[in-house]
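The values are calculated or read from the model by the stated rules, or taken from the named source; none is laboratory data. What you see is a predicted model, and the numbers here were worked out from it, not measured in a lab. Here the Cβ positions follow ideal geometry from the backbone for every residue, glycine too, while neighbour counts run over all protein chains shown. Accessible surface areas use protein heavy atoms only, side chains included; no ligands, DNA or RNA. Shrake-Rupley method; radii C 1.70, N 1.55, O 1.52, S 1.80 Å.
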Amino acid sequence: MKFKQFTIFGLCLFFMTLLPVSGAYSQDLLPPQQAIQDASDKLKLRLQDQSFKNDFAKIASFVNEVIYPHTDFDKISALVLGKLWKEASPDERERFKREFQTLLVRTYSRAFLEFKEWSVRFLPIDLEAGANKVIVKTEVLQPGIQPVGVNYRMFSSNTGQWKVYDIMIEGVSLVTNYRTTFTNEVQQKGSLAAVIDGLAKRNAEALSAKAAS
C-alpha cells in the first residue's frame, strides 16, 4: 500500500474507532479504551448536525479540539522524525509539530465527512496494575469486507490521561510510514527546514481549497 493511501486510510480508521460501541459494552472498557470512547461521544453529537458538516473550517477546528487531549503530538513528532528530531533546532521542532498536527487534523477531518456505514469492536487487552503503556486493540467492521485491525499505542501521561502516540493498521505503523516519507524528503530537499516549508505550503493550499469549496 502506498504511503499516501495508507495515511488517509489509517486516519479514516482512526476516526471510525472514535465512535461509540454499545452502551452495555462500553461500561466494561478499561481507562485507555475509555479515553477513545470519551472522544467518540463528542463526535457522535456533531455527526447529528448536518449544517456543521458543510463547514470544513469548523470541522477541522472541532476535530483538533476533540483529538488533541487524547493524542501526544510532541511524542508523535519526535518519533516520526527520529534522529532528525534530535538534530533539529527548537524552532524547527515547533514548526514541524505545528504543521504535522495540521496535516493529521485536515486528513482526519476528511474522514469525518466521508465515512458512514461501519461499527467498531474493542478487543480484550492486557493492562497490568500500574502499567503506563498499553496497546488498545480494535476491529473496524464494514458491510461486505473483512474486519480491519486498528491498534493504538497509548501511554499514561503525568496527569494520568491516556494518550495515543501511534496507530497500527493491520500491523503497519503510521509513525513508521511517516518517518520513512519525511526521511526521504529531507534527503531529496537537503534540509528539514525545506521539508517543513513544503508541508506548510501544502497545508495552506489544502485548507484554502476546502474553504473556497
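Quick look at the values:
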quantity: Residue in region 120-133 that is open to solvent by 40 Å² or more (accessible area, probe 1.4 Å), at pLDDT 85 or above and part of a strand (DSSP E or B) present; calculated: yes
quantity: Hey, ARG153 at pLDDT 80 or above and surrounded by 12 or more Cβ atoms within 10 Å (Cβ to Cβ) or not; calculated: yes
quantity: Some residue of region 162-181 being more than 24 Å from GLU92 (Cα to Cα), surrounded by fewer than 17 Cβ atoms within 10 Å (Cβ to Cβ) and in contact (Cβ under 8 Å) with a residue 24 or more places away in the chain; calculated: yes
quantity: Enumeration of residues in region 55-71 that are at pLDDT 75 or above and open to solvent by less than 20 Å² (accessible area, probe 1.4 Å); calculated: VAL66, ILE67, THR71
quantity: Residue that is surrounded by the fewest Cβ atoms within 10 Å (Cβ to Cβ) [pool: residues in region 182-194 that are touching a residue at least 40 places away in the same chain (Cβ under 8 Å) and of a type in the set (A, V, I, L, M, F, W, C)]; calculated: ALA193
quantity: Any hit, region 79-101, residues being open to solvent by less than 20 Å² (accessible area, probe 1.4 Å), out of contact with any Pro (no Cβ under 7 Å at 6 or more places or on another chain), modelled with pLDDT of 75 or more and not in a helix (DSSP H, G or I); calculated: yes
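Results for (1) under 15 Å from the mean Cα position of the chain (by Cα); (2) within 21 Å of ASP72 (Cβ to Cβ); (3) of a type in the set (Val, Ile, Thr), shown as yes or no for each residue.
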{"site": "THR159", "(1), (2), (3)": "no, yes, yes"}
{"site": "TYR165", "(1), (2), (3)": "yes, yes, no"}
{"site": "GLY171", "(1), (2), (3)": "no, no, no"}
{"site": "LYS189", "(1), (2), (3)": "no, no, no"}
{"site": "ALA193", "(1), (2), (3)": "no, no, no"}
{"site": "LEU199", "(1), (2), (3)": "no, yes, no"}
